[in-house]
1. Of the conditions (1) out of contact with any Ser or Thr (no Cβ under 7 Å at 6 or more places or on another chain); (2) closer than 19 Å to B:Trp130 by Cβ, B:Ala235 satisfies every one except a single condition; which number is it?
2. So B:Val338 ticks every box in (1) under 22 Å from A:Ala110 (Cβ atoms); (2) under 14 Å from the mean Cα position of the chain (by Cα) but one. Which box is left unticked?
3. When only residues in segment B:194-218 that are touching a strand residue (DSSP E or B) at 6+ places or on another chain (Cβ under 9 Å) and not aliphatic (A, V, I, L, M) count, which is nearest to B:Pro111 (Cα to Cα)?
4. Filtering segment B:132-175 down to residues that are in a loop (DSSP other than H, G, I, E, B) and facing another protein chain (nearest Cβ under 9 Å), which residue is farthest from B:Lys279 (Cα to Cα)?
5. So A:Gly283 fits all but one of (1) of a type outside the set (A, V, I, L, M, F, W, C); (2) more than 14 Å from chain B (Cβ to nearest Cβ); (3) farther than 17 Å from A:Ile17 by Cβ; what number is the exception?
6. Within segment B:176-192, can you find the residues that are away from chain A (no Cβ under 14 Å) and outside any helix (DSSP H, G or I)?
7. Name the one entry in B:Leu20, B:Leu63, B:Leu25, B:Leu16 that is within 14 Å of chain A (Cβ to nearest Cβ) and more than 17 Å from B:Phe325 (Cα to Cα).
8. Within segment A:255-306, restricting attention to residues that are in contact with a Gly (Cβ under 8 Å, 6 or more places away or on another chain) and over 30 Å from A:Val175 (Cα atoms), which residue is surrounded by the fewest Cβ atoms within 10 Å (Cβ to Cβ)?
Amino acid sequence: MEFLSDIASLINSTLRISTPLVFAAMAGIFAERSGVIDFSLEGKMLMAAFVAAVGSYFLGNPWLGLLLAIIACVSLSMLHGFASVTYKGDQVVSCVAINILIIGLTTALAAAWFGQAGLTPTLNEDQRFLEVNLPFAESLKDVPIVGTIYSDILSGHYIFVYLAYLSVPLVFWVVFKTSFGLRLRAVGENPSAVDTAGINVFAMRYKALAINGVLIAFAGAHLSTAVNANFFREMSAGRGYLALAAMIFGKWHPKTALIACLLFGFTDALQIRLQGVELPAIGEIPVQLIQAIPYVLTVVLLAGFVGKAIAPNAIGQPYIKER
Amino acid sequence: MAPVDKSKVPWWVSNLIVPLVNLTLALLVSGLFIFIAGENPYEAVRLIIYGSFGYIEGFAYTLYYTTNFVFTGLAFAVAFHCRLFNIGGEGQAYIGGLGVFLVAINFSFLPVPIIWLLSIAGAVVFGAAWAFIPAYLQATRGSHVVITTIMFNFIAASLMVFLLVDVIRDTAQMGPHTIALPEEQWFPSFKDFAALFGIKIRYSPLNISFLLAIAASVFVWFLVWKTRWGYEMRAVGHNTQAAIYAGISPYKNIIIAMCISGGLAGLLGVNEILGVHHKIVAGFPAGYGFTGIAVALMGRNHPIGIFPAAFLFGILYQGGSEVTFDMPNITRYMFVAVQGVIILFSGALENLFRPQIESFFVNRLNMKANA
C-alpha cells in the first residue's frame, strides 16, 4: 500500500505542477497558430502572478486579483501585437523585451511597495484560492482503487487545476471545429489567401493574442494565489519556456501539447521526489543536478527525437498588405 | 504616408537621429516607472550622472561595466547577423569563467603573460562549447535557439552551483566559491595604473580587460564585415534560400556564428575572474548576458554602435547603484526593467517613428536642393 499511495501522490503532484504549463501551452497555441511567435509567455505568466497577488491583497478577493491579472496580460499581449503586428517589428525581440521588462518591473515594484526584497505580503485564506474537495471525496476515501483515484488523485486540487484540463478540449473545439478556428489557422498558414477572402489578418491576430492573454493570466494566478500565497522574484522559473517547448513538441496541437505538459509535470514531480533519496547503484544525486532535469528534458524534446516539428507556415513574419 | 526612398535617407538620420529618439522615448517611460515606485525621476537622473561621472572611482566603475557589456553586446550581435537569437550569453559567460579559472589554476607554473593568453583562450573555448550544442540542434534539428539557449542558462546555473558546492569549493570557507588565484596572475587594475601617476584610489574593478574589449570590437568588425566568412554568415542571416543557392552552407555558418558568439560571451569571465573576483563566485554573470541584448540592439549590431551603447549602460548601471543607495524605493531590478523598455523601443518598436522622421529629413533636404 505504501507503493500505491506513493504513486497516487506522484500523479496528484503531476496534475498540479502541469497546470500552469497547460494554460501557457494553450495560450501559446492561439498566438502561434495565428502566426505570431510568443516567447513572452514567461513574462506574461510572471506579470499575472504579480498582479493577481497584489490585486487580491488590496481588494481582498482572489477573483478580482485574477480579473486584474487578465487585464494586465491582455494588455501585454496587445503591446506585443502593437510592436509585431501593427509596426511589423521583430517578434522575438518584442518577446525578449517584454520578458526582461517584466522580470525587472515586478520585482522592482514589489520591493518599492512592500519593501521585502521583491516579495509581496502573504495572502490570508480569504485572499487566495483554496483546494476544492469534490463531492463525496471523504466518504469514498476508503473504497479500494476508486477511492485512491477519486479522493487522492482527482479531489482536493485548486480550481485552476480543473480549469486547465477543461480548457484543453475547449481549445481543441475552438481551434479545429469552429469557423473562427479555421480562420485562425489559415491566418498562420497563408495570410494573403485569408486577406483575399476578405478577412482582416491584423484583427484575427489581435483576437488570437487577446485569448492568449486571458489563458496565460490563469497560469500566473495559479502560481501566486493558489499554490503559493504570495509573489516572489522570478517565480515563473522558466515555465513559460517549458510550455512553449511542450507546445512545439506537441506540434501546435492541444491534445499532444497536453501530453507533453504532463510529461514535464511528471519529471518535475519526480525530481522533487528524488531530492535527498539514495538511489540503488548511483547513490544520492546532488540536488542541483536533479533540478536541471526539466531543462535538459526540454532541450531533448526540442531536439525532436520523436520527429521534426513543423511550425505554422507564416510564423514570425509580419503580414504586409500589398498596396 | 508614402514610403521614403531608403537610398535618399542620410546615414546620420537612420543611424543617429532615429536611435536617439527611440532612446529618449524609452527613458521617458522609465522615468514613469520610477515615479510609480514613488521616487522623483529628475532626482534619479541627477544621481545617475553624479554616480557615473561625478568622481574618479565612479567613472572607473562605469568603464568596468562598459567592458562587460561590450563583450555580451558583441556576442549577441555576431549571432544576430546570422539571424540567430543567442540569449544564452549569461550561461556562456558563466561557463567561460570556469574555463578561465581552470586554465589559470592548472597552468600556474607558466610565466604570467602566457597564462593570461591561455586563460583568454580557455574562456573562448568554454563559452563556445556551451553555445555549440544549441547551435548544432538549431542547424540540424531546427530547435529554436531562443528556447535552447535559455535552457542552457538554467543548466549552466545548476551545473556551476553543483561544481561550486560539491567539487571545486574552497573548503576552508563557507560560501560557494573557489579558492583565489595566485596574486601574480591577477590582471593589473586601474588602481595600480592610477598609482603610477600618483593618484591614490581605494579600489577599482576596472582592469586591462577594457583593452581586451576594444580588441574584441575591432576583431568583430573585421570578421563580420571584412572577411569572406562574415559575408557568408550575413548572407545566411539575410536570405537563407539565396545563400544556399550561392553555395553557402547555412549549417556551417549557424554553428560558427554561435560558437564565436559564445566565445565572446565567455570573455566576460576574463574580466570577472582575472580582473575582479580572482576566483569563481556563484552567479557572477549577474544579468550582464541579458543586458548584452539591449546593448547590441541599441548599437544596431555594429561595434561602432555597441561601444557607446555599452558605455550608456555602464552609466545606467553605475549611476543606478548610486540611485539604489540613496533612494530606498528603487532596487537594481528597476534598471532591469529599464533595459526591457530600451529593447522594446530600440528593437521591436524601432519602426514607430522611423518613417515620419526619415520623410521629414528627406523633405527638408529636397527643399534645400530645390531652393
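1. That leaves (2) as the condition not met.
2. B:Val338 satisfies all of (1) under 22 Å from A:Ala110 (Cβ atoms); (2) under 14 Å from the mean Cα position of the chain (by Cα) except (2).
3. Initially, segment B:194-218 is screened for residues touching a strand residue (DSSP E or B) at 6+ places or on another chain (Cβ under 9 Å), giving B:203-208.
Going one step further and asking which of them are not aliphatic (A, V, I, L, M), we end up with B:203-205, B:207.
Details: B:Tyr203: 26, B:Ser204: 25, B:Pro205: 24, B:Asn207: 20 Å.
Result: B:Asn207.
4. At the first step, the residues of segment B:132-175 found to be in a loop (DSSP other than H, G, I, E, B) are B:142-144, B:168-175.
Narrowing the set further to residues that are facing another protein chain (nearest Cβ under 9 Å) leaves B:142-144.
Numbers: B:Gly142: 37, B:Ser143: 35, B:His144: 34 Å.
In this case the residue turns out to be B:Gly142.
5. Failed condition: (2).
6. So the first thing to find is which residues in segment B:176-192 are away from chain A (no Cβ under 14 Å), and the list is B:177-192.
Of everything in segment B:176-192, those that are away from chain A (no Cβ under 14 Å) and outside any helix (DSSP H, G or I) turn out to be B:His177, B:Thr178, B:Ile179, B:Ala180, B:Leu181, B:Pro182, B:Trp186, B:Phe187, B:Pro188, B:Ser189.
7. On the way: B:Leu20 fails: within 14 Å of chain A (Cβ to nearest Cβ); B:Leu63 fails: within 14 Å of chain A (Cβ to nearest Cβ); B:Leu16 fails: within 14 Å of chain A (Cβ to nearest Cβ).
B:Leu25 is the lone residue from the list that is within 14 Å of chain A (Cβ to nearest Cβ) and more than 17 Å from B:Phe325 (Cα to Cα).
8. A:Glu284
The values are calculated or read from the model by the stated rules, or taken from the named source; none is laboratory data. Predicted model, so just to flag it, every value in this text is computed and none were measured. Reconstructed Cβ throughout: ideal geometry from the backbone, glycine too, with neighbour counts over all protein chains shown.
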